[in-house]
Amino acid sequence: MAPPLPALSPLDSRPDSLTERTIEAVRQGVRSGALLPGELYSVYRLAEELGISRSPVREALLRLGETGMIRFERNRGFRVVLPTPHDIAEIFSIRLALEVPAVGRATRQADGNDRTAVQAEYAAMEKAAAANDVSLFEWHDQKLHTALMDAEGNSRTKSIVNNLRDAVRLVDASTVGVDRSLEEVLIDHLPIVQAFEASDPKAASSAMEQHLRTTGRLLLRRALLQRGEDPSEESNLWRRLVG
């Protein structure tokens, strides 16, 4: 029988979907230790804890299952599975292959509404950084990347990238507030936004590549340290899987 779920924070009223908010709640549960990797948990109890119906909970867990971070056990429940350093390197290899050209295409074809959306998310990140609100900052960080994918117009690319981001964010594999301050992460996004606003595809692609490489290598090094492995392996693993 699955153990009872520890208390999770109730869902807030931010204007995203219940599925997105459930993904965030699961991620926060893992970060706080309320949800432990390897433990068996009940979908029904999770819905009860969050005060919502089972449908968005199932949708959220299915999305997280696509990332490999949730494993289902038939008629029993689900378990959280932490990504390995190898997983993280693979994830950033794919993100570099998809997001770098995508932001170039997005920059070339963006209209006024696209630019307004990206500017709004960056402004929201600035506000969250000033308030030192890590959760809200991360949320708008993801929305900024999504706005760029929306401008590119390939829904499959956007879906894959969102799943890959979920895989990393689920286990607190974020450099926000740990390896870098909120202000440093904000500044790291600025060249992307400036190039996008200036309709400079080459600069936008270059800035996105630099951002992903910086973030990916920091995450990979931390993952190695957390597993008690030699952090010097980061360079070898990155070079072998990412290049």
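Here PRO191, PRO201 are screened, and the one residue that is modelled with pLDDT of 90 or more and open to solvent by 50 Å² or more (accessible area, probe 1.4 Å) is PRO191. Of all residue pairs spaced 6 or more apart or on separate chains, those with beta-carbon atoms under 6 Å, a first member in region 144-155 that is among the small types (Gly, Ala, Ser) and part of a helix (DSSP H, G or I) and a second member that is at pLDDT 95 or above and open to solvent by less than 10 Å² (accessible area, probe 1.4 Å) are ALA147/VAL118; ALA151/ALA106. Do you know which residues across region 204-239 are touching a residue at least 60 places away in the same chain (Cβ under 8 Å) and over 26 Å from LEU186 (Cα atoms)? Once the filter is applied, which keeps residues that are touching a residue at least 60 places away in the same chain (Cβ under 8 Å) and over 26 Å from LEU186 (Cα atoms), region 204-239 yields ARG227, GLU229, GLU233, LEU237.
Are any of the residues in region 104-112 of a type in the set (Ser, Thr, Tyr) and without any contact (Cβ under 8 Å) to a residue 24 or more places away in the chain? Within region 104-112 (the criterion being of a type in the set (Ser, Thr, Tyr) and without any contact (Cβ under 8 Å) to a residue 24 or more places away in the chain), the answer is no, since none of the residues qualifies. Inside region 33-67, residues that are touching a helix residue (DSSP H, G or I) at 6+ places or on another chain (Cβ under 7 Å), under 28 Å from ILE160 (Cβ atoms) and open to solvent by 40 Å² or more (accessible area, probe 1.4 Å) make up a count of 6. Of the residues in region 222-232, at least one is buried (at least 20 other Cβ atoms within 10 Å of the Cβ), modelled with pLDDT under 95 and under 25 Å from LEU64 (Cα atoms).
Results for (1) over 16 Å from PRO83 (Cβ atoms); (2) at pLDDT 90 or above, shown as yes or no for each residue.
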| position | (1), (2) |
| --- | --- |
| LYS143 | yes, yes |
| THR146 | yes, yes |
| GLU152 | yes, yes |
| ARG165 | no, no |
| VAL176 | yes, no |
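Going residue by residue through region 75-86, is there one that turns out to be open to solvent by less than 60 Å² (accessible area, probe 1.4 Å), touching a residue at least 60 places away in the same chain (Cβ under 8 Å) and either closer than 22 Å to GLU197 by Cβ or assigned to a strand (DSSP E or B) (or both)? Yes - at least one qualifying residue is present in region 75-86.
The values are calculated or read from the model by the stated rules, or taken from the named source; none is laboratory data. Note that this is a predicted model, so its numbers are computed, not measured. Positions of Cβ are generated from backbone atoms using ideal geometry, with glycine treated the same way; all protein chains shown enter the neighbour counts. Keep in mind that these areas ignore ligands, DNA and RNA; they rest on the heavy atoms of the full protein, side chains included. Shrake-Rupley method; radii C 1.70, N 1.55, O 1.52, S 1.80 Å.
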